[in-house]
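Structure first, then comments.
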Amino acid sequence: MSKISVKNMDLYYGDFHALKNINMEIESNEITAFIGPSGCGKSTLLKSLNRMNDLVEGCKITGDILLDGKDIYASNFDINLLRKRVGMVFQKPNPFPMSIYDNIAYGPRTHGIKSKSKLDDIVEKSLRNAAIWNEVKNDLKKNALRISGGQQQRICIARALAVDPEVLLMDEPTSALDPISTAKIEDLVHELKKDYTIVMVTHNMQQATRVSDKTAFFLTGEVVEFGKTEDIFSVPKDKRTEYYITGRFG
Amino acid sequence: MSKVIRYAVKISAFLTFGILFFIIGYILFRGIPHLTPSLFSLKYTTENVSLFPAMITTILIVALTLLIATPIGVFTGFYLVEYAKKGNKLVEIVRIATETLSGIPSIVYGLFGMLFFVIRLGFQYSLIAGTLTASIMVLPLIIRSTEEALMSVDDSLREASFGLGAGKLRTIFRVVLPVAMPGILSGVILAIGRVVGETAALMYTLGTATKIPNGFFSSGRTLALHMYLLSTEGMHVNESYATGVILLIIVLMINSLSTYLSNRLMKGR
């Protein structure tokens, strides 16, 4: 069974039909990339996977999204637990204006972990997993806003890892970063694949080829093509995919 | 052209500072020589025109007003920004009402307070009538500044918190509130300033009694009111200036205390 399956899903923002009949299987321990031009619906689908779209007024969803076979839009599905299991990293690094330690500990504390030694362990482990422990281990009390953008984004990844999620959603996590930080995040994503299922929206097609196992190409609210990344980029089945990846539009 | 603007900017700044310093200097110059020990006697008499009872009343009124208006105002601000749906009719009405109320002259509040609290509810001229009137008066100020402060908090922080599985309450209290705190506090400081400087609204609600109020239903006068009355009577203009000095010192103390508290709060997290 796949980790997440999206079935006949439609999404509306008021009258605007933003996603049209989406069907997709996202497998465990794989990196799935969403590509496509701006406004094609890739971020919208990503945000539906942990119900962040609930925060948008006038957003309506039909069809099913299943996590381990359970409908996450069912009325008895605990939305806070869903977001614990399906974590998210945003486009712009958004650390809380508090210390690095408190940033990482925020999630575990939210879910009821109070013991100092336990929190210490989680903080260290999360920072190590996000490949930033060595850079900040002596500055855990430092305000997270006083470190570089690339480091902030890894802090945000560590913060998402700290609640021990199963799936990690990444919404263009490197678009605000310099090339060196981008390379670090990409390496990290590759490492994280062992333990997590990762879904990543990217504007950058090279990034999709570098890191992802599967790629979905979106256009005006539809998934035009979805398959193995090497197939999508070498032998695209749809003309529109070919035009997009060869840079004829988008 | 740029030269003209540069001079205009400099002259404006100079004028502003100059006038402010002149006012403060003038009050100090006129007031300090008349700060005699008898001004601080426990009891007011027509001889000593003691300002001590008025000082206590001022502090009482400010404290009680904040006690009532701050929680109501801050929570209303939270409701408007964090809970109410956008485009909600009720929210629009509350917003228009607060904006209108923050613009009307304080004597209107005084009139309302007198007709409603003093006469209708039978509170007489009293601490409680004054406090309630002052609370209503500063409520729009606190609501507006809370709203502004909350709206200036980046939505990405709320998203980050929700994204970690935190609920609304935790997000608001742990993430949004600390960031918005300085803005909310500056609204509270402005509210303090308004109460301390208020005369018209309090004259008809708190009354003008010269003693320290001995209960919620007892009348009193604030320093600003005391000053006004002394100077209109024309007999004690010098003491009125001395009262002005004390008023300046109290405002200065309250402001530094609030700044200190907000800094402490910021450091604490």
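Taken together, the values in this text are just the output of simple stated rules run on the coordinates, not laboratory data. Note that this is a predicted model, so its numbers are computed, not measured. FYI the Cβ positions are ideal-geometry reconstructions off the backbone, even for glycines, and counts take in every protein chain you see.
Things to note:
- Matching entry among B:E99, B:E159 (being closer than 21 Å to B:A69 by Cβ and of a type in the set (D, E)): B:E99
- Restricting attention to region B:198-218, the residues that are out of contact with any Lys or Arg (no Cβ under 9 Å at 6 or more places or on another chain) and not in a loop (DSSP other than H, G, I, E, B) add up to 2.
- Residue that is among the small types (G, A, S) and either in contact (Cβ under 8 Å) with a residue 60 or more places away in the chain or closer than 15 Å to A:C40 by Cα (or both), where the choices are A:A183, A:A216: A:A216
- Among residues of region A:68-82 being surrounded by fewer than 17 Cβ atoms within 10 Å (Cβ to Cβ) and in a loop (DSSP other than H, G, I, E, B), the one that is farthest from the other protein chains (Cβ to nearest Cβ) is A:G69.
- Residues (more than 7 Å from chain A (Cβ to nearest Cβ), surrounded by fewer than 20 Cβ atoms within 10 Å (Cβ to Cβ) and in contact with a helix residue (DSSP H, G or I) (Cβ under 9 Å, 6 or more places away or on another chain)) located in region B:159-173: B:K168
- Considering only residues in region A:187-223 that are in contact with a Ser or Thr (Cβ under 7 Å, 6 or more places away or on another chain) and surrounded by fewer than 19 Cβ atoms within 10 Å (Cβ to Cβ), the one that is nearest to A:N29 (Cα to Cα) turns out to be A:D213.
- So B:G187, is it crowded, with 17+ Cβ neighbours inside 10 Å and on the phi > 0 side of the Ramachandran plot: no
- When B:I192, B:I172 are checked against the criterion of being within 19 Å of B:Y260 (Cβ to Cβ) and assigned to a helix (DSSP H, G or I), B:I192 stands alone in meeting it.
- Output for region A:83-94, where each listed residue is in a loop (DSSP other than H, G, I, E, B) and more than 8 Å from every other protein chain (Cβ to nearest Cβ): A:Q91, A:P93
- Hits in region A:100-124 (condition: more than 8 Å from chain B (Cβ to nearest Cβ) and either part of a loop (DSSP other than H, G, I, E, B) or touching a residue at least 24 places away in the same chain (Cβ under 8 Å) (or both)): A:I100, A:Y101, A:N103, A:I104, A:A105, A:P108, A:G112, A:I113, A:K114, A:S115, A:I122, A:V123
- Wholly within region B:36-154, helices (runs of 4 or more DSSP H) carrying at least 2 residues that are buried (at least 20 other Cβ atoms within 10 Å of the Cβ): B:52-78, B:106-113, B:127-151
- Lone qualifier among B:Y260, B:Y241 - being touching a residue at least 40 places away in the same chain (Cβ under 8 Å), on the phi < 0 side of the Ramachandran plot and in a helix (DSSP H, G or I): B:Y241
- Restricted to region A:163-250, the set of helices (runs of 4 or more DSSP H) holding at least 2 residues that are under 27 Å from A:E124 (Cβ atoms) comprises A:179-192.
- On the stretch given as region B:143-158, residues that are away from chain A (no Cβ under 11 Å) and either of a type in the set (S, T, Y) or on the phi > 0 side of the Ramachandran plot (or both) total 3.
- Residue check, A:I122 under 17 Å from B:E159 (Cα atoms), of a type in the set (V, I, T) and in contact with a helix residue (DSSP H, G or I) (Cβ under 6 Å, 6 or more places away or on another chain): no
- Of the residues screened, B:L206 is one that is over 15 Å from B:L51 (Cβ atoms), surrounded by 15 or more Cβ atoms within 10 Å (Cβ to Cβ) and of a type in the set (A, V, I, L, M, F, W, C).
- Residue count, region B:219-238 (criterion: crowded, with 17+ Cβ neighbours inside 10 Å and in a loop (DSSP other than H, G, I, E, B)): 5
- Some residue of region A:45-67 being under 19 Å from B:E159 (Cα atoms), away from chain B (no Cβ under 14 Å), in contact (Cβ under 8 Å) with a residue 60 or more places away in the chain and outside any strand (DSSP E or B): yes
- Filtering region A:11-29 to residues that are among the hydroxyl-bearing types (S, T, Y) and assigned to a strand (DSSP E or B) leaves A:Y12, A:Y13.
- Test for B:I189: is it away from every other protein chain (no Cβ under 14 Å), closer than 24 Å to B:T70 by Cβ and under 18 Å from the mean Cα position of the chain (by Cα): yes
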